[in-house]
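**Student:** The structure is given below, and queries will be raised subsequently.
The values are calculated or read from the model by the stated rules, or taken from the named source; none is laboratory data. In this text the structure is predicted, and so the values were computed from the model without any measurement. For neighbour counting, all protein chains shown are included, and Cβ atoms are generated from backbone atoms with ideal geometry for every residue, glycine included. These area figures cover heavy atoms from the full protein model, side chains too; ligands, DNA and RNA do not enter into them. Shrake-Rupley method; radii C 1.70, N 1.55, O 1.52, S 1.80 Å.
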Amino acid sequence: MRRPGQYLDIMTNYLIRRLVESFLVLVLSSGVVFALLYLAPGGPMTEILEFRRQASRYPINPDDIERLKKQFDLDLPLWQAYTRWAFGLPVLADRPNRAGVIRGDLGLSWRVSQNEPTLNVLMRPLPNTLVLMTTSTLLALIVAVPVGVYAAVHQYSRTDYLVTAGTFLGVSMPVFWLGSMLILIFSFQFKQWGLPYLPPGSAVAARDYVVPLVGTVEAGSWFDRGLRLIMPTITLSLLQMAAWSRFTRASMLEVLRQDYVRTARAKGLHEQLVIAKHALRNALIPLITIVTLALPGLYGGAIITETIFNYQGMGLLFIDSLTQSDWPVALAYLMVLSVLTVGANIVADVVYTLVDPRIRVT
Amino acid sequence: MAVAEIAVGEALARPREVGQLELIWGRFSRHKLAVLGVWVLAALFVASFAGPLFSPYDPEAQFIGPIFGELTAANPLGTDDVGRDVMTRLMYAGRISLLMALIVTLASSVIGVVVGAASGYFGGWVDTLSMRLVDFMLTLPILPLLLIMSAMSIRGGLPIAFPETLTRLFGWIWDMPPERAEGVLILAVILIIFQWQTLARLVRGQVLTLRSTAYSEAAQALGASSLHIIARHMIPNTLAPIIVATTFNFGGVIITEAALSFVGFGVQAPSASWGSMLNGVRDFIMLQPWRAFVPGLTIFLASMSINFIGDALRDALDPRLKL
């Protein structure tokens, strides 16, 4: 006999275990990346020195090098540098204290925005990326679910084959090429033909511009931002669109074979009601997991999309930090992504048990 | 009469044997798009590896034509921002893109099969250790990590020493000095590091189920060595999913390499892969976006063909395997 509330205990235990596990995974993965960047010969110091050399015409004196090394904890052995970066420990007398990543101190940026706390640097493009991720997820869902359901209900029909071919196209499409082609058609050609075109590049315009048949678009207005969001959204969502419609179709086909669907039909329920209420609601359960688990992928995929459209998001910042060897910023980006990945895994598992009572955590 | 009867009788007694390969080909060729994919892929390979032999230009020779030259008979795809022949570069880029993807796919398949088979067959700490490693690596954000490692290797941060014959060989194939071929090979190694995990998991699962089959137990009872059982009984029986997964991986690697090169952390100039050629036109995309069409099209055609082939192979090799 299960006493009431017992499942809650199981759930709590499960969550605690998962959180501890996730924490260990984060420590391990950040350690690996930290070590990689720390041990890289020709890594941070060369870059800093080179930068200082470019910045001033005076030769660098050895004291400066020592001071710089100290400032960035580069004179410490690897494990100490890591623990100071991650936890702010050990506290050393000869240098300022660090709070560590665990308390929200991601260090100072080296070059992208010199000597500014990395966290601030990271927060600036965050809204743009969040907006892009949200619109892409929504677009993918709005297209994928109806298409998948229709294809499943009309299995082996012409539309079904068309959908299958379309998903193949979507999965095989290199997003960077798709983005370029969108620019070619909707920005370049449309502008030449005098049609209302979509402005390529950037999240916000620098100055007002005129779009045929629409009129003047004020730079920085919601309309401007919206226009500039359309192509990146399509580009970023295409892969998910294809994958999710394929998944919805498969899941729906599975559910349509179930006994309770047959029962519902036998009762004489209207077919549309059977599909919308009995089948779809059950078919969408596994999709929740898929969508949650895809979020880190969207965040990472935004690197490419934001690069194509020069859309000022976190992915573009990451590329900047790599080009300029700003390891603290690159590390911070990776930490956000790692936390997102690990978090999405937990959320997906928990939500799954909430919406489907047949599944229980142990 | 008698003669005819005997002939008929023989024909009945020995029906035409249908070989395994013939059966597979029969099922495969029912996928018209997959057959088309084979042709397209073959065409891309031939154009990349044999095409340069017929090109009068050096892929890195500048000012062969005007800067951003139009499409002419001498330069069928025009010339680029420093007047190099785009067609010639595209073919050489194909050598890099296709050959590198092939190396990465095959090497990661070998690693995946060995790790997966050992893990599934021996169990115990081998299994725990390798599967924990796989789990861990699968939680890592792959694209950013690839970018970081690639950025490091470009700055000389990943010293991997290849045998000189190897770098010379690839330098010869790719028509570049051995030092640059080494850079491309390092990129390949980076890609391999993140490519073998799913296959290891797949093979492990298959081997786990095969281990308890009667024929594997029989082989064990007859005193066959572990290596013999794995190599002769396990792997041949998991070959179908391995081939299918490898095919899909091949397409994935082409796209990944192109993506890395597109953001500037893959194959470095003046060498070119299809992805880095797209990167090369990125700065001018607002002026002449049509220049992005061709290098991207080759990537798209390659990856699409491979996906169709993989899909057909899945149906042809193992009818039980269904998505």
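**Student:** For n ≥ 4 DSSP H runs only, could you compute -39500 (n - 2.57) per run for chain A, divide by its residues and tell me the 222 nm figure to the nearest 500?
**Tutor:** -21500 deg cm²/dmol
**Student:** Also, I was wondering about something else. For chain A, with a Gaussian network of springs between Cα atoms less than 10 Å apart, report the residue from A:G88, A:G100, A:G194 with the top mean-square fluctuation.
**Tutor:** Answer for the Gaussian network model of chain A: A:G194.
**Student:** Here is a further query. Run the reach check for A:K70 against aspartates and glutamates, Cα to Cα strictly under 14 Å, same-chain hits fewer than 8 apart removed. What comes back?
**Tutor:** A:D94
**Student:** Tell me, what % of the accessible area of chain A is carbon and sulfur with a 1.4 angstrom probe?
**Tutor:** Details: 11860 of 18350 Å².
Taking all protein chains in place, chain A shows 65 percent carbon and sulfur surface.
**Student:** Here's a follow-up. Give, rounded to the nearest 20 debye, the magnitude of the charge dipole that chain B has about its Cα centre when Lys and Arg contribute +1 at Cβ and Asp and Glu contribute -1 at Cβ. Please report the intermediate quantities before stating the final value.
**Tutor:** Values: 21 positive and 22 negative charges, 146 e Å.
Taking the Cα centre of chain B as origin, the dipole is about 700 debye.
**Student:** Explain nothing, just the number: dipole magnitude of the protein assembly as shown about its Cα centre with +1 on each Lys and Arg Cβ and -1 on each Asp and Glu Cβ, in debye rounded to the nearest 20.
**Tutor:** The dipole of the protein assembly as shown has a size of about 1860 debye.
**Student:** Sticking with this structure for a sec: Out of A:T341, A:L273, A:L322, whose Cα points farthest toward the positive end of the dipole of segment A:233-342 (charges: +1 Lys, Arg; -1 Asp, Glu; placed on Cβ)?
**Tutor:** After comparing all options, I get A:L273.
**Student:** Angle check, please: helix B:293-317 long axis (alpha carbons) against the longest principal axis of chain B (alpha carbons), in degrees 0 to 90, nearest 10.
**Tutor:** That helix lies at roughly 0 degrees to the long axis.
**Student:** Can I ask one more? Please quote Rg/Rh for the protein assembly as shown to two decimal places, taking the Kirkwood radius as Rh and restricting both calculations to Cα atoms.
**Tutor:** Details: Rg = 28.3 Å, Rh = 28.5 Å.
We get a ratio of 0.99 for the protein assembly as shown.
**Student:** What's the center-to-center distance, using Cα atoms, between segment B:181-252 and segment A:155-195 in Å?
**Tutor:** One Cα centre to the other: 36 Å.
**Student:** Let me ask you something else. Taking a ≥ b ≥ c as the square roots of the Cα gyration tensor eigenvalues, with a/c under 1.5 meaning rounded and otherwise prolate when a/b beats b/c, else oblate, which class fits chain A?
**Tutor:** Here chain A falls in the oblate category.
**Student:** Now a separate question. Taking springs between alpha-carbon atoms closer than 10 angstrom, which of A:V210, A:V336, A:V149 fluctuates most in the Gaussian network model of chain A?
**Tutor:** Highest fluctuation among the options: A:V210.
**Student:** Here is a further query. Segment A:20-38: which residues show an accessible-area loss of 20 Å² or more, assembly versus chain alone, 1.4 Å probe?
**Tutor:** With the partner chains in place, segment A:20-38 has these residues losing at least 20 Å²: A:V25, A:L28, A:S29, A:V33, A:L36, A:L37.
**Student:** What share of Cα pairs, in percent, lie more than 34 angstrom apart in segment B:26-316?
**Tutor:** 30
**Student:** Tell me, what is the per residue accessible area of segment B:26-316 in Å², probe radius 1.4 Å?
**Tutor:** For segment B:26-316, the per-residue accessible area is 42 Å².
**Student:** When the accessible area of chain B is computed with all protein chains present and a 1.4 Å probe, what percentage of it is carbon and sulfur? Write down the numbers at each step before the final one.
**Tutor:** Numbers: 10600 of 15590 Å².
Roughly 68 percent, rounded to a whole number.
**Student:** Also, quick follow-up: So what is the relative contact order of chain B, in percent, for Cα pairs below 8 Å that sit 6 or more residues apart?
**Tutor:** Rounded, it is 24 percent for chain B.
**Student:** Also: With the dipole of chain A worked out from charges on the C-beta (+1 for Lys and Arg, -1 for Asp and Glu) around the Cα centre, which of A:L126, A:Q312, A:T164 lies farthest toward the positive end?
**Tutor:** Of A:L126, A:Q312, A:T164, it is A:T164.
**Student:** Hey, what angle do you get for helix B:164-174 against the long axis of chain B, alpha-carbon based, 0 to 90 degrees rounded to 10?
**Tutor:** The helix B:164-174 is inclined about 70 degrees to chain B.
**Student:** Still on this structure: If you count, for every residue in B:113-125, the Cβ atoms of partner chains within 10 Å of its Cβ, what is the mean?
**Tutor:** That works out to 0 on average.
**Student:** Shifting gears a bit: Sort B:K32, A:K191 by heavy-atom solvent-accessible area, probe 1.4 angstrom, most to least.
**Tutor:** Result, largest first: B:K32, A:K191.
**Student:** Could you state the accessible area per residue of chain A in Å², with a 1.4 Å probe and every protein chain left in place?
**Tutor:** With all protein chains present, chain A gives 51 Å² per residue.
**Student:** Output the 0 to 90 degree angle, nearest 10, between the alpha-carbon long axis of helix B:235-262 and the longest principal axis computed from the alpha carbons of chain B.
**Tutor:** Taking Cα atoms only, the helix is inclined about 10 degrees.
**Student:** For the pairing of chain B with chain A, what total accessible surface becomes buried, with a 1.4 angstrom probe, in square angstrom to the nearest 100?
**Tutor:** On the way: alone 17420 and 20140 Å², together 33940 Å².
Chains B and A together bury roughly 3600 Å² of accessible area.
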